[in-house]
1. Report those strands (runs of 3 or more DSSP E) wholly inside the range 1-86 carrying at least 3 residues which are touching a Phe, Trp or Tyr at 6+ places or on another chain (Cβ under 7 Å), modelled with pLDDT of 95 or more and not basic (K, R).
2. Pick from the range 202-223 the residues that are more than 18 Å from D42 (Cα to Cα) and hydroxyl-bearing (S, T, Y): which of them is surrounded by the fewest Cβ atoms within 10 Å (Cβ to Cβ)?
3. Against the condition hydrophobic (A, V, I, L, M, F, W, C), surrounded by 22 or more Cβ atoms within 10 Å (Cβ to Cβ), closer than 19 Å to V194 by Cβ and touching a Leu at 6+ places or on another chain (Cβ under 7 Å), how does V250 come out, does it pass?
4. Identify, please: which residue in the range 235-257 is part of a loop (DSSP other than H, G, I, E, B) and over 16 Å from the mean Cα position of the chain (by Cα) and is, among those, farthest from H187 (Cα to Cα)?
5. What is the residue count in the range 44-69 for residues that are over 20 Å from P223 (Cα atoms) and of a type in the set (S, T, Y)?
6. If you go through the range 257-276, how many residues are surrounded by fewer than 19 Cβ atoms within 10 Å (Cβ to Cβ) and either in contact (Cβ under 8 Å) with a residue 60 or more places away in the chain or farther than 17 Å from D208 by Cα (or both)?
7. Does G190 qualify as being within 14 Å of the chain's Cα centre (by Cα), crowded, with 22+ Cβ neighbours inside 10 Å and among the small types (G, A, S)?
Amino acid sequence: MATSATIGNLQVTALVDLTPPPRDVSAIYPDVPADDWGPYQDFALENGMWQTQFCAFLIKAVNGDGPIVLVDTAMGPGEEPGKLLEELAASGVDPDDISAVVTTHPHGDHVGWNVSYDGDSPRATFPNARYMLARADWDYWTSDEIAANVPAIGKSVQPLAGLGVLHLVDGEEEVAPGVKTLPANGHTPGHQVVVVESNGETGVIVGDLFHNVAQVTETEWCPMFDWNQDMARASRRDILGRAASGGWTVFAGHLKIGANIGKVSGSGDRFTWQSV
């Protein structure tokens, strides 16, 4: 199975930062009865457990020219350091080469490499990049009552403003030629996906639109992480519907590497996933 795909003249590559231990699926999807997982045991779970990974996506021209975009920065350094910088190096990309970092949403497993520290002094890990974050997420997550209880915000998000690299996004916005943000709110107040268009082909990096491949079919299912489940369901169905009708290639960071790039078919509230 593929770890990258070309969308016209642009290549999108999945980079795995960290693979955490599996977790009890009932803890992640508390509203889904255990028996309902039966049809999905063989391909959506691992030994009955929910297994995810923390991914970023690299977008660059096939010929190497033009801007280089990084979508999300995964879990970052920590007790178990992530491998994103090593993955970028293996792809021939230096942190200085990145022209834009798009944050689909500021949960800790999507912003971990935003900022590096020299002692107590923060610096942008990708110093030449605009860090693009939805304004609705910035307003919500940096509010006093939220930021005080979410360490990743103070460590990896709020410093971006003082470093002069933060760019707040309202709605759709071009990131680079052929790359744009598209709101898909619900998982968080400002959750956004990234659409890649080139030579008549389209791809979409879906952030946390779904956390397990079963949700492509069972679009009603929501994990405990969704901020507003009704909005999350509506966004999931909208983006999957566009992807199915348009033949888009879908890049899903929380699915297993090698099976997290695919196509969807179907309509309404039920779709089918096929890895490419």
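1. Strands (runs of 3 or more DSSP E) meeting the threshold: 10-18.
2. T202
3. Working: hydrophobic (A, V, I, L, M, F, W, C): yes; surrounded by 22 or more Cβ atoms within 10 Å (Cβ to Cβ): yes; closer than 19 Å to V194 by Cβ: yes; touching a Leu at 6+ places or on another chain (Cβ under 7 Å): no.
For V250, the condition - hydrophobic (A, V, I, L, M, F, W, C), surrounded by 22 or more Cβ atoms within 10 Å (Cβ to Cβ), closer than 19 Å to V194 by Cβ and touching a Leu at 6+ places or on another chain (Cβ under 7 Å) - is not met.
4. G247
5. We begin by selecting, within the range 44-69, every residue over 20 Å from P223 (Cα atoms); these are 56-69.
Checking the rest, the ones that are also of a type in the set (S, T, Y) come to none.
Within the range 44-69, residues that are over 20 Å from P223 (Cα atoms) and of a type in the set (S, T, Y) number 0.
6. Pass one, the range 257-276, residues surrounded by fewer than 19 Cβ atoms within 10 Å (Cβ to Cβ): 257-259, 263, 265-270, 272, 274-276.
If we keep only those that are either in contact (Cβ under 8 Å) with a residue 60 or more places away in the chain or farther than 17 Å from D208 by Cα (or both) too, we end up with 257-259, 265-270, 272, 274-276.
Counting residues in the range 257-276 that are surrounded by fewer than 19 Cβ atoms within 10 Å (Cβ to Cβ) and either in contact (Cβ under 8 Å) with a residue 60 or more places away in the chain or farther than 17 Å from D208 by Cα (or both) gives 13.
7. So G190 fits the description; yes.
Here is a yes/no grid of residues against (1) crowded, with 22+ Cβ neighbours inside 10 Å; (2) in contact with a Leu (Cβ under 8 Å, 6 or more places away or on another chain); (3) more than 21 Å from T19 (Cα to Cα):
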{"position": "E87", "(1), (2), (3)": "no, yes, no"}
{"position": "V102", "(1), (2), (3)": "yes, yes, yes"}
{"position": "P106", "(1), (2), (3)": "yes, yes, no"}
{"position": "D118", "(1), (2), (3)": "no, no, yes"}
{"position": "L133", "(1), (2), (3)": "yes, yes, yes"}
{"position": "A136", "(1), (2), (3)": "no, no, yes"}
{"position": "T142", "(1), (2), (3)": "no, no, yes"}
{"position": "E145", "(1), (2), (3)": "no, no, yes"}
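The values are calculated or read from the model by the stated rules, or taken from the named source; none is laboratory data. Just so you know, these numbers come straight off a predicted model, no measurement behind them. When we count neighbours, we look across all protein chains shown, and the Cβ atoms used for this are built from the backbone with ideal geometry, even at glycine.
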